[in-house]
Amino acid sequence: MPAEFTATAFLNGFLMSLVLIVAIGAQNAYVLRQGLRREHVGAVVLFCAAGDAVLIGAGVAGMAQALRGRPMLATALAGLGAAFLCAYGLRALWRSRQPGALQATAQGVSLSRAAVVAQAAGFTLLNPHVYLDTVLLVGSAGAQYAGSLKVWFVVGAAMASALWFTALGFGARLLAPVFARPRAWQMLDALIGGTMLVLAAMLARRALTGA
């Protein structure tokens, strides 16, 4: 296999994945918040990157076609995602009313590693947009390649995801001085809460109307 073909497949996978995941969404907002809190950042980054890699690989292997043939599964997934995002969005809005509880160094509000990873799993696995991006869109593009080029496409797409979540989670520390002020945490949680409620409404509409 010529090296230029493998490089092209790798680069196409990398760029397509990067364009799709670098968007404000529930998963990215959660990774950013955990990075600012410096709470189990490595576990969250690892889970999100590994989850994307598995979903991308599944999509390229043919999961996209399977999901398109099961509209009831897509509807159920949208309903679960709406409920999850609504609950977390309301919690974020409630946190925005309590500045003292939002400081990154605050005691008594830290979650266990298992609880943090469980929330990351919710934002990853209960979010239909993740499946749309990784399984359907990236998967469909990667499925067009033949043989080992599929592997290089998946590697490129998975690497883009891993680099993005690493930069988002650990790069958030550069913003730590800004978020040392409780007011900044209030604004962040209000923004996250509002965004998640909007996403929840969109998913609920999809679950009810199938649109």
For the range 3-209, shape from the Cα gyration tensor axes a ≥ b ≥ c, cut at a/c of 1.5 then a/b versus b/c, turns out oblate
Karplus ³J(HN,Hα) for the range 189-195 (6.51 cos²θ - 1.76 cosθ + 1.60, θ = phi - 60°; Hz, whole; x = Gly/Pro) runs 5, 5, 5, 4, x, x, 4
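Over the range 3-209, what is the relative contact order in percent, taking alpha-carbon pairs closer than 8 angstrom and at least six residues apart? Mind showing how you got there, number by number?
On the way: 288 pairs, mean separation 98.6, N = 207.
Contact order relative to length: 48 percent.
Within the range 31-60, report the trypsin sites (Lys or Arg not before Pro) that DSSP leaves as loop and that have at most 16 other Cβ atoms within 10 Å. Working shown, then result.
On the way: sites: Arg33, Arg37, Arg38; in loops: Arg38.
Of the trypsin sites (Lys or Arg not before Pro), the ones in loops of the range 31-60 whose Cβ has at most 16 other Cβ atoms within 10 Å are Arg38.
Please give the charge dipole size of the range 110-211, origin at the Cα centre, charges +1 on K and R Cβ atoms and -1 on D and E Cβ atoms. Round to the nearest 20 debye. Don't skip to the end; give the middle numbers.
Numbers: 7 positive and 2 negative charges, 34 e Å.
Once rounded to the nearest 20, the dipole reads 160 debye.
Each reported figure results from applying straightforward, stated rules to the coordinates on display, with no laboratory input. This structure is a prediction, so every number in the text was calculated from the model and none was measured. Every residue, glycine among them, receives a Cβ derived from its backbone with ideal geometry; neighbour counts consider all protein chains shown.
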